[in-house]
Amino acid sequence: MCAVAATLIVYIVDDDDSVRKGLSRLIRSAGFEPRMYASSEQFLADVGPGEKGCVLLDITMPRLDGHEVQEQMTARHVDLPVIAVSARDDEETRHRAHELGARFFLRKPVDDQALLDAVDWVTRDSEPGAAKQK
């Protein structure tokens, strides 16, 4: 892991307590700093423009779903890369998540290595001197 990874924040937004805890343990074991949110509203109240890191965002959440969170992030100029996760894996859900800016869409249960690879990839641009990949 690079030095940046030790301080990089991974925001975990999922209404399932066991999923949040499991993802948090995985993220911490990889040297990242997890921040857990049980609701979309809690997450949106806590982040603002200029944040660093990335978001693991459950798409199928009560009240504000993951797509609505992505819309709110855009409206509030919160430019954190999003990795969408969902047990609902259909073309419409995947397409909408990507259309709203998600860099990855991972189906639950999420493969640990695939998730860590996705976090590494989406946060690579956050590292000082990193080349932007398009």
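Just a few scattered comments:
- Net charge of neighbours whose Cβ lies under 15 Å from the Cβ of Asp16, counting Lys and Arg as +1 and Asp and Glu as -1: +2
- Global size of the chain: 13.6, 39 Å for Rg and Dmax (C-alpha atoms, Rg to one decimal, Dmax whole).
- Only Lys, Arg (+1) and Asp, Glu (-1) charged, at Cβ; segment 1-92 dipole about Cα centre in debye: 600
- Contact order, relative form, for segment 1-121: 22 percent (alpha carbon pairs under 8 Å, 6 or more residues apart, mean separation divided by residue count).
- Spin-label zone in segment 31-61 - amide nitrogen under 19 Å from a point set 7 Å from the Cα of Asp15 along the C-beta vector: 36-46, 56-61
None of the figures in this text is laboratory data; all of them are computed from the coordinates on show. All values derive from a computational prediction rather than experimental measurement. As a convention, Cβ positions derive from the backbone with ideal geometry for all residues, glycine included, and neighbour counts pool all protein chains shown.
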